[in-house]
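Heads up: the structure comes next, in structure tokens.
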Amino acid sequence: MKELKATRVKPGDRWTLVDGNDDKIYPSLTECLNAIFMQTGMGEFYLDAKAGEVHVEDGKAKPEPVKKYSLYGEEI
């Protein structure tokens, strides 16, 4: 499951960590990604450029969807 770790601070390419205790603003995406790596140890990042968000994958598999059946035993 993806977890939000950082958001972009306008204007420009400045970033801040969502769960950071300090309000530090990183002057580049590279420095922000390094801070996330140092904090979490996770190195797989997902960037949503339009939303200005950086997510990490927590490694947990998504649960299988529950199969539904009709009264006659046919899968819906």
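Put simply, of GLU44, GLU3, GLU31 the only residue that is under 14 Å from the mean Cα position of the chain (by Cα), of a type in the set (D, E, K, R) and either over 28 Å from PRO63 (Cβ atoms) or surrounded by 13 or more Cβ atoms within 10 Å (Cβ to Cβ) (or both) is GLU3.
Given the criteria surrounded by fewer than 11 Cβ atoms within 10 Å (Cβ to Cβ) and aliphatic (A, V, I, L, M), does VAL54 qualify? So VAL54 fails the test.
Summed over the range 14-28, residues that are of a type outside the set (Gly, Ala, Ser) and either surrounded by 15 or more Cβ atoms within 10 Å (Cβ to Cβ) or modelled with pLDDT under 90 (or both) total 9.
Among the residues here, GLY59 qualifies as exposed (fewer than 10 other Cβ atoms within 10 Å of the Cβ) and either free of Cβ contacts under 8 Å to residues at least 60 places away in the same chain or not aromatic (Phe, Trp, Tyr) (or both). Among the residues of the range 29-76, those identified as in a helix (DSSP H, G or I) and either under 17 Å from VAL9 (Cβ atoms) or of a type outside the set (Phe, Trp, Tyr) (or both) are LEU29, THR30, GLU31, CYS32, LEU33, ASN34, ALA35, ILE36, MET38, GLN39, THR40.
The values are calculated or read from the model by the stated rules, or taken from the named source; none is laboratory data. For clarity, every value in this text was computed on a predicted model and none was experimentally measured. For neighbour counting, all protein chains shown are included, and Cβ atoms are generated from backbone atoms with ideal geometry for every residue, glycine included.
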